[in-house]
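The values are calculated or read from the model by the stated rules, or taken from the named source; none is laboratory data. Everything numeric in this text was worked out from a predicted model, so none of it was measured. Glycine gets a Cβ as well: all are built from the backbone with ideal geometry, and neighbour counts include every protein chain shown. For accessibility, only protein heavy atoms count, side chains too; no ligands or nucleic acids. Shrake-Rupley method; radii C 1.70, N 1.55, O 1.52, S 1.80 Å.
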Amino acid sequence: LTKEFLERIPAGRSYQAAAQMAAGVTGGSNPNVGGSSSNENSYLMDGVNITDPVTGTFSLNFNFDAIEQLQVLTSAYDPEFGQNLGGTINIVTDSGSNSLEFKLYGDYQNGEWGPKSDAIFAADGFQLTPTDFDSTFNTSRLSAIVSGPLVRDKVWFVASYQYVRTLIALAGIDLPRDFDGHYVLGKMTYQPSASHRFTFMGQTDPTTI
């Protein structure tokens with residue numbers, strides 16, 4: 001999935017949501033790939049394994065605008081990707097170019113503006129799904145990214161920041177789930193020759209829930 005494709009599709013602005021655009025991928029933030037369970041996938045960033053070793057799920061959040069491409073492998077893996085029973089999701093981060101580029105993005109989603117549905121009950125009166133008339137789902141995002149050359153044709157940089165806040169409260173629950181996250185990335189790429197490249201990257205995503 002290329003950067004141009006990701007910018008044009010109506011998918012959630014996260015690599016977890018974008019991965020579901022691949023054939024055979026369904027589910028939520030930890031998707032099911034080819035019928036596997038949600039904790040049987042592998043997650044990589046620029047080829048480095050970032051899978052949570054305890055839960056087998058994704059271990060970090062990441063600024064959607066700093067993705068150069070998203071590789072979603074669902075079958076026929078090469079040997080380096082053979083350490084899972086599900087799929088492999090590899091985030092390839094932006095490396096910058098000889099052009100100085102800035103990007104600022106913001107969006108707000110208010111669940112009160114969406115359609116509401118009544119509860120659904122089985123024939124014996126058992127509630128299958130609750131009403132969502134009293135539920136809350138609000139999301140705010142703000143992201144900024146700057147990239148360009150430090151030395152033309154030799155050294156490039158990328159600096160990225162994203163702030164995300166989500167309020168979720170199901171019907172009948174007075175206290176919402178308050179998610180507050182900051183996603184920070186710094187990357188420098190040095191290419192002394194056509195066959196050699198060095199990458200220095202730091203990433204953090206301090207989050208309060």
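Among the residues of segment 52-62, is there at least one that is open to solvent by less than 40 Å² (accessible area, probe 1.4 Å), outside any loop (DSSP other than H, G, I, E, B) and in contact (Cβ under 8 Å) with a residue 60 or more places away in the chain? No, that holds for no residue. With the condition kept exactly as written, say whether any residue in segment 119-126 is under 28 Å from residue 181 (Cα atoms) and either among the small types (Gly, Ala, Ser) or out of contact with any Asp or Glu (no Cβ under 7 Å at 6 or more places or on another chain) (or both). There is no residue in segment 119-126 that is under 28 Å from residue 181 (Cα atoms) and either among the small types (Gly, Ala, Ser) or out of contact with any Asp or Glu (no Cβ under 7 Å at 6 or more places or on another chain) (or both). Just to be sure I understand the filter: pairs with C-beta atoms under 6 Å, separated by 6 or more residues or on different chains, first member in segment 107-125 and more than 17 Å from residue 169 (Cβ to Cβ) and without any contact (Cβ under 8 Å) to a residue 12 or more places away in the chain, second member among the hydroxyl-bearing types (Ser, Thr, Tyr) and open to solvent by less than 100 Å² (accessible area, probe 1.4 Å). Which pairs pass? These pairs meet every condition: 120/129.
Exactly one residue out of 142, 104, 128 is at pLDDT 90 or above, open to solvent by 100 Å² or more (accessible area, probe 1.4 Å), in a strand (DSSP E or B) and in contact with a strand residue (DSSP E or B) (Cβ under 9 Å, 6 or more places away or on another chain), and it is 104. When segment 102-146 is limited to residues that are more than 19 Å from residue 62 (Cα to Cα) and charged (D, E, K, R), the one that is nearest to the chain's Cα centre (by Cα) turns out to be 112. Residue 76 meets the stated requirement of being modelled with pLDDT under 85 and either in contact with a Leu (Cβ under 7 Å, 6 or more places away or on another chain) or over 27 Å from residue 106 (Cβ atoms) (or both).
On the stretch given as segment 37-48, residues that are of a type outside the set (D, E, K, R), within 17 Å of residue 71 (Cβ to Cβ) and either without any contact (Cβ under 8 Å) to a residue 12 or more places away in the chain or assigned to a loop (DSSP other than H, G, I, E, B) (or both) total 3.
Table: residues versus (1) surrounded by 12 or more Cβ atoms within 10 Å (Cβ to Cβ); (2) among the polar types (S, T, N, Q).
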site: 87; (1), (2): yes, no
site: 122; (1), (2): no, no
site: 134; (1), (2): yes, no
site: 150; (1), (2): yes, no
site: 153; (1), (2): no, no
site: 160; (1), (2): yes, yes
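Return the residues of segment 1-22 that are modelled with pLDDT of 85 or more, open to solvent by 40 Å² or more (accessible area, probe 1.4 Å) and assigned to a loop (DSSP other than H, G, I, E, B); say none if nothing qualifies. Within segment 1-22, 1 is the sole residue that qualifies.
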